[in-house]
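Visitor: The following block contains the structure, expressed as structure tokens.
The values are calculated or read from the model by the stated rules, or taken from the named source; none is laboratory data. Note that the structure is a prediction, hence the values are computed from the model and not measured. Here Cβ is always computed from backbone atoms with ideal geometry, including for glycine, and neighbour counts include all displayed protein chains.
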Amino acid sequence: MLRKVIAVAAAVAFLAIGAGVVVQAKQKPVPPEAKVSLTEAIVAAEQHAKGKAVRAEYEQQKDGRWVYDVKVAAGAARSEVKIDPDKGTVLGARDVTNDDDDEDDERD
């Protein structure tokens, strides 16, 4: 009986430790501090796309770079503008007017 209790306790401990490793592996990295504020990035994106920001995030790209990703509405048009977090300059912009989902946002 004691062997069964020890075996079950060992299995539970093993699973708990294994689950902890999995949870740690899924945590997102801590972003570096940006020299440009989110407000400044929004202003730059709004000026570039000539509209009003409807969403803004500080996110890590697939290549490891961190950027501000700002979605801007100008009438019926929607643009996604990437802003450099250290310089405040526009890195790129694309029309997302017909992109109703945020599916590509994680991959951009």
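Visitor: Scanning for something out of contact with any strand residue (DSSP E or B) (no Cβ under 6 Å at 6 or more places or on another chain) and of a type in the set (S, T, N, Q), does the range 91-98 turn up at least one residue?
Guide: Checking the range 91-98: at least one residue is out of contact with any strand residue (DSSP E or B) (no Cβ under 6 Å at 6 or more places or on another chain) and of a type in the set (S, T, N, Q).
Visitor: Looking only at residues that are of a type in the set (Lys, Arg) and not in a loop (DSSP other than H, G, I, E, B) in the range 43-91, which one is nearest to GLU33 (Cα to Cα)?
Guide: Only one residue fits best here, namely LYS82.
Okay, residues lined up against (1) within 17 Å of the chain's Cα centre (by Cα); (2) modelled with pLDDT under 95:
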| position | (1), (2) |
| --- | --- |
| MET1 | no, yes |
| ALA11 | no, yes |
| GLY20 | no, yes |
| ALA25 | yes, yes |
| PRO32 | yes, yes |
| ALA49 | no, no |
| ALA56 | yes, no |
| ASP63 | yes, yes |
